[in-house]
Structures are given as structure tokens and as C-alpha cells.
Amino acid sequence: MLLESAIAQLRAQVAAWRNQGDTVVLVPTMGNLHAGHYALIERARKLGTRVVASIFVNPSQFGPSEDFAAYPRTLDHDAAGLAAHGCDLLFHPGIDEVYPYGVERAVTVAVPELGDILCGAFRPGHFNGVATVVLRLLNMVQPDVAVFGQKDYQQLLVIERVVRDMQVAVRIESAPTVREDSGLAMSSRNQYLSDAERERAAELHRCLQWMTAQLRSGQVVVAIEAEATARLGAAGFKVDYVAVRRASDLMPVENFEPGARVVLVAARIGKARLIDNLLI
Ligand code: PAF
């Protein structure tokens, strides 16, 4: 596996691959990789002939009181894992490469409405930071395809919106959430959990399954959301939101409205803020 931190060398390598007929697939990450990320690499390998992973802990998507400084940086371990999973190139740019004018003076991308609801309401500016860095990474790598996890469902829709609205010549693909045996969605932030918290955190997935069953049996959306919030509160979570939304744009749904839905949750337990969702 090749390692690059400079855009010029990265682009030269990607251009060389493309000249020989390769299809390039990008998997953007912030590192501290786990089985969920490696599933994205596996998916990427099926979608093209060359896989590029990026690792960049993006300051502009963290709020002032969030865990940017504490976010685990595990480059050597991540590089070994990526190589073992068949990644062709790891791009790990420094801050000056990604934000040449500095983070404060950076040209930014805003995603109105979609970026302001659900997680966006609890993490103001977060999705603008994500949209800004993903657009930069897509411009740097210029892949044919980019792959994102469905665990970050709102992020996935934000990125699809950016690509469509800014006419970026890339195809966005997604991969299903990878779960521990307990049902807990794999996340870099799970490592903030104690053993007892980790056990309780599995309740998030059980709650989403319960909500799905309630929806299927015709229960009213507001009643489901209220009871799910109470259940999670009783299990020791501080709930940011529990919501049933339209899968296409995350807008609220009427009870008997046809079409795909998604149930989403964001809740804090101990030092971790966890998110999860199920598509229906
Ligand atoms: O999902 C992530 O790891 C990040 O939000 C992303 C997409 C790499 C942007 O920094």
C-alpha cells in the first residue's frame, strides 16, 4: 500500500491509474479504524479497481466543547489494517494541505435545512464542516466513486446533497452498518464506554428495532417517539433525539404516508455520544 500526504503526488498516482484504465474508489475516514471502516474498504474493492482511503481528523466538524483534541490518532495501526484489507493508497494530508488558508478563513460549504436538523440541531455547524472537508477530499482525490457508511445516515444524505447541488463528478455509494454481537453499531466513539456502559449501549439498537415493529403495526409516530425516549431515559441515556423520518430527506412523516422511512437516535451515555438508525 502506498502512503501519500501531498496532493500533487496523490493526484499523479490517481492519474496514472486512470490512464491505465483503473476505476478509483475513495473511502474518507478520520482514522481510528474498526470493522465498520474495513467493511467500507471491502465494499470499495467491489466497486472499482483501486481503493484510496483518507485519514484526516477534520477540525471544522467538531464543536468547541467536543472531542477534537482527544479524538484517537492511530495512523500506524490504521495503515496496517488498511493494507491487510487490500487498500491501494492511504492519503493522510496535514492540516495545511486541507486548509491552506487556515480553518478560520476557509471557504466553507453550508447545507441549509438538512444540515440543521437532528444531529445538526445539537451540533451546530457540524454538517457544514463535514460538507466542506468531503468536497475538498473529493477535489483532491477526484475518485470515480466514494463510499460512506449508513450508520451516519444524515451525513450520507448531506454528502449526496453536496455532490448533486455542486455538480461533483463522483458517484456516492453506501454500505450497511456493522454491529457488535449485542447489536451496538461499531463506532470510534465506543471506546469511550466502560464495560457496563457498553452493555447498556446495546439498548439503542433494541429500541430502534422496537420502534420499527411499532411502526409496522400502525402505531402513531409521536407516541412511538415519546415512548422510545422514555425507554432510553430509563436505561440511563441522555437522549438528544429519537425520530421517525422520511428516508429520502429526513423530514417528518405523516402516520400513513407511503414510502421509505428511517428511525434515528442520538443519545449520550457516559462520555460517549452515540448515534444509530434503521431503514424501513
Ligand atoms: O464519517 C467520518 O469519518 C467523517 O465525518 C468524514 C466523512 C471522513 C469527514 O471528515
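What to note about this one:
- Some residue of segment 162-170 being crowded, with 21+ Cβ neighbours inside 10 Å, under 16 Å from the mean Cα position of the chain (by Cα) and within 14 Å of the ligand (Cβ to nearest atom): yes
- Test: residue in segment 124-143 that is in contact (Cβ under 8 Å) with a residue 24 or more places away in the chain, assigned to a loop (DSSP other than H, G, I, E, B), closer than 26 Å to residue 47 by Cβ and within 16 Å of the chain's Cα centre (by Cα): no
- Residue count, segment 33-61 (criterion: near the ligand (Cβ under 10 Å from one of its atoms) and aromatic (Phe, Trp, Tyr)): 1
- Pair list, Cβ under 8 Å, 6 or more apart: segment 223-246 residue free of Cβ contacts under 8 Å to residues at least 40 places away in the same chain, other residue of a type in the set (Val, Ile, Thr) and in a helix (DSSP H, G or I): 239/229; 242/229; 244/221; 244/224
Rundown of residues vs (1) surrounded by 15 or more Cβ atoms within 10 Å (Cβ to Cβ); (2) of a type in the set (Lys, Arg), yes/no style:
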residue: 17; (1), (2): yes, no
residue: 21; (1), (2): no, no
residue: 32; (1), (2): yes, no
residue: 46; (1), (2): no, yes
residue: 71; (1), (2): yes, no
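- Just one of the listed residues (65, 54, 5) is closer than 23 Å to residue 187 by Cα, among the hydroxyl-bearing types (Ser, Thr, Tyr) and surrounded by fewer than 19 Cβ atoms within 10 Å (Cβ to Cβ), and it is 65.
- So residue 209, is it under 23 Å from residue 156 (Cα atoms), at pLDDT 95 or above and part of a helix (DSSP H, G or I): yes
- Among the residues of segment 100-117, some residue qualifies, meaning at least one is touching a residue at least 40 places away in the same chain (Cβ under 8 Å), out of contact with any Leu (no Cβ under 7 Å at 6 or more places or on another chain) and surrounded by 19 or more Cβ atoms within 10 Å (Cβ to Cβ).
- Considering segment 184-201, the residues that are in contact with a strand residue (DSSP E or B) (Cβ under 9 Å, 6 or more places away or on another chain) and not in a helix (DSSP H, G or I) include one that is farthest from residue 37 (Cα to Cα), namely 193.
- In segment 148-161, the residue that is farthest from residue 41 (Cα to Cα) out of those that are in contact with a helix residue (DSSP H, G or I) (Cβ under 7 Å, 6 or more places away or on another chain) and near the ligand (Cβ under 10 Å from one of its atoms) is 158.
- When residues in segment 5-32 are screened for being among the hydroxyl-bearing types (Ser, Thr, Tyr) and either away from the ligand (no atom under 15 Å from the Cβ) or modelled with pLDDT under 95 (or both), 2 of them pass.
- Verdict on residue 90 being surrounded by 13 or more Cβ atoms within 10 Å (Cβ to Cβ) and under 25 Å from residue 9 (Cα atoms): yes
The values are calculated or read from the model by the stated rules, or taken from the named source; none is laboratory data. All values derive from a computational prediction rather than experimental measurement. Quick reminder, even Gly has a Cβ in these numbers, built from the backbone with ideal geometry, and neighbours come from all protein chains shown.
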